[in-house]
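The values are calculated or read from the model by the stated rules, or taken from the named source; none is laboratory data. Just so it is clear, the structure is predicted and the values come from calculations on it, not from any experiment. Positions of Cβ are generated from backbone atoms using ideal geometry, with glycine treated the same way; all protein chains shown enter the neighbour counts.
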Amino acid sequence: MYALKVENLKAYYITSLYGIERKVRAVDNVSFQVMENEILGIAGESGCGKSTLLKTLIGLIKPPLSVIGGGIYYKYNGREIDILKDINVLKELKWRVFSYVPQGSMSVLNPTRKIINTFEDVIKVHLNITNSDVIRNMVGDHFKSLGLPLEVLNSFPHQLSGGMRQRVTIALSTILKPKVIIADEATTALDVVVQRGVIQLLKRIQSEFKNTLIMVTHDMGVHANMADRIIIMYAGKLVEIGSVKDIFKNPLHPYTKYLIESLPKIGDKTLKKSVPGAPPSLLDPPSGCRFHPRCPYAMKECKEIVPDLVEVESGHKVACFLHRKEVDKT
Ligand SMILES: Nc1ncnc2c1ncn2[C@@H]1O[C@H](COP(=O)(O)OP(=O)(O)OP(=O)(O)O)[C@@H](O)[C@H]1O
Ligand code: SF4
Ligand SMILES: [Mg+2]
């Protein structure tokens, strides 16, 4: 059963400069489902719309960001809730049904308050518990179950290392045992050893609480390590989705192939191919397939027609004319 369903989502940044409207098409007609107890990775170059997609999934839709169309459905108490239509329910869902680990996690920890106080604030507001001892026990149990040191609770955020702050942020976002955890670049900017600790923590949470994890990172190595399925985004579009095995063993979209080929392999000293050219502006994205200016296989129709996302093998979908089903000419 799915935990979250996204249908034809369009989210644009709309601004006006000297009376001229500018639209950045950051998420353009994106559809996918995430299952219960699944780790879904989302990958793609900087600026392709990953963070914008995550922000819309948690209803963080403030101008200039605007949702132009589509639906975002969570399962809640046996019901299917479209958070775009039922905006009042958002507060109820936040922390319990979904929680968010934002890119640059310092922003959720108050620099002037000890870590325990930030936890207290969240628990007081969302569980209506006011007894400090009860709250401290609850937080202590949570920290123990995640293998985090209790002394951290009496520290201020600036007294902690970057890796520990990230782990505390993840602990905070899971304190009310949400069904879906949405993490944006949770391991980026950490050194490899610390990164491993954060990955282990996320895996531990997922296996202990049996929840769903949506994890954005441009690091394909992290996806290989963690995800069950991967979404590849390119210039605001979902261009491929499949199991980790599908994506790494049989990438179909030329862009995905570049991403996989550019990964360093142990012992291989040859220069890796990176994606040629630069990502397009989402203010005026290329016509047809948005990858066509950079694609070595581009054909005439690629410049004119937007390729649909089609299932090529079970659960493996791609938006590329190289993999279209043969048209029945009889
Ligand atoms: N407040 C804003 N106003 C206008 N455009 C924006 C705004 N925020 C982001 N964008 C644009 O939207 C597009 C998608 O940005 P987004 O932050 O979602 O990308 P991303 O994939 O998360 O990138 P990164 O890997 O660098 O975090 C980019 O072209 C970006 O410049
Ligand atoms: S649709 Fe055309 S341009 Fe786009 S990735 Fe496929 S072959 Fe390349
Ligand atoms: Mg981002």
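Of the residues examined, residue 289 is one that is surrounded by 13 or more Cβ atoms within 10 Å (Cβ to Cβ) and in a loop (DSSP other than H, G, I, E, B). When you scan segment 193-212, do you find a residue that is in contact with a strand residue (DSSP E or B) (Cβ under 9 Å, 6 or more places away or on another chain) and under 25 Å from residue 253 (Cβ atoms), even just one? Scanning segment 193-212 turns up at least one residue that is in contact with a strand residue (DSSP E or B) (Cβ under 9 Å, 6 or more places away or on another chain) and under 25 Å from residue 253 (Cβ atoms). Scanning segment 294-315 for residues that are outside any loop (DSSP other than H, G, I, E, B) and buried (at least 16 other Cβ atoms within 10 Å of the Cβ), we see that the one that is farthest from ligand 2 (Cβ to nearest atom) is 312. Residue pairs whose Cβ atoms lie under 6 Å apart, sitting 6 or more positions apart in sequence or on different chains, and linking a residue in segment 306-328 that is modelled with pLDDT of 95 or more to a partner that is among the aromatic types (Phe, Trp, Tyr) and not in a loop (DSSP other than H, G, I, E, B), are 307/321.
A count restricted to segment 40-57 and to residues that are assigned to a loop (DSSP other than H, G, I, E, B) and either within 9 Å of ligand 3 (Cβ to nearest atom) or buried (at least 21 other Cβ atoms within 10 Å of the Cβ) (or both) stands at 5.
Please determine whether any residue of segment 21-31 is crowded, with 17+ Cβ neighbours inside 10 Å, within 21 Å of residue 228 (Cβ to Cβ), in contact (Cβ under 8 Å) with a residue 60 or more places away in the chain and polar (S, T, N, Q). Spell out the reasoning first.
Kept after step one, since they are crowded, with 17+ Cβ neighbours inside 10 Å, are these residues of segment 21-31: 24-30.
Then keep just the ones that are within 21 Å of residue 228 (Cβ to Cβ); that gives 30.
This time we only want the ones that are in contact (Cβ under 8 Å) with a residue 60 or more places away in the chain, so: 30.
Then keep just the ones that are polar (S, T, N, Q); that gives none.
No, segment 21-31 contains no residue that is crowded, with 17+ Cβ neighbours inside 10 Å, within 21 Å of residue 228 (Cβ to Cβ), in contact (Cβ under 8 Å) with a residue 60 or more places away in the chain and polar (S, T, N, Q).
For segment 109-123, the count of residues that are β-branched (Val, Ile, Thr), within 16 Å of ligand 3 (Cβ to nearest atom) and crowded, with 17+ Cβ neighbours inside 10 Å is zero.
With the condition kept exactly as written, say whether any residue in segment 52-61 is basic (Lys, Arg) and under 25 Å from residue 143 (Cα atoms).
Within segment 52-61, none of the residues are basic (Lys, Arg) and under 25 Å from residue 143 (Cα atoms).
Taking every residue in segment 173-194 that is on the phi < 0 side of the Ramachandran plot and pairing it with any residue that is among the charged types (D, E, K, R) and more than 16 Å from ligand 3 (Cβ to nearest atom), at least 6 positions away or on another chain, the pairs with Cβ-Cβ distances below 7 Å are 176/96; 178/96. Residue pairs whose Cβ atoms lie under 8 Å apart, separated by 6 or more positions or on different chains, with the first residue in segment 246-264 and closer than 16 Å to residue 235 by Cα and the second at pLDDT below 95 and within 16 Å of ligand 3 (Cβ to nearest atom), are 259/220. Every test in (1) in contact (Cβ under 8 Å) with a residue 12 or more places away in the chain; (2) assigned to a helix (DSSP H, G or I) is passed by residue 91 save one, and that test is (1).
Looking across segment 99-124, the residues that are polar (S, T, N, Q), farther than 16 Å from residue 150 by Cβ and more than 16 Å from ligand 1 (Cβ to nearest atom) come down to 99, 110, 112.
For segment 271-299, which residues satisfy the criterion of being of a type in the set (D, E, K, R) and either within 12 Å of residue 235 (Cβ to Cβ) or at pLDDT 90 or above (or both)?
284, 290, 294
Only residues that are away from ligand 2 (no atom under 16 Å from the Cβ) and outside any loop (DSSP other than H, G, I, E, B): list them for segment 27-39, please. Within segment 27-39, 27, 30, 31, 32, 33, 34, 35, 39 meet the criteria. Counting the residues of segment 66-88 that are in contact (Cβ under 8 Å) with a residue 60 or more places away in the chain, of a type in the set (Val, Ile, Thr) and farther than 14 Å from residue 56 by Cβ gives 0.
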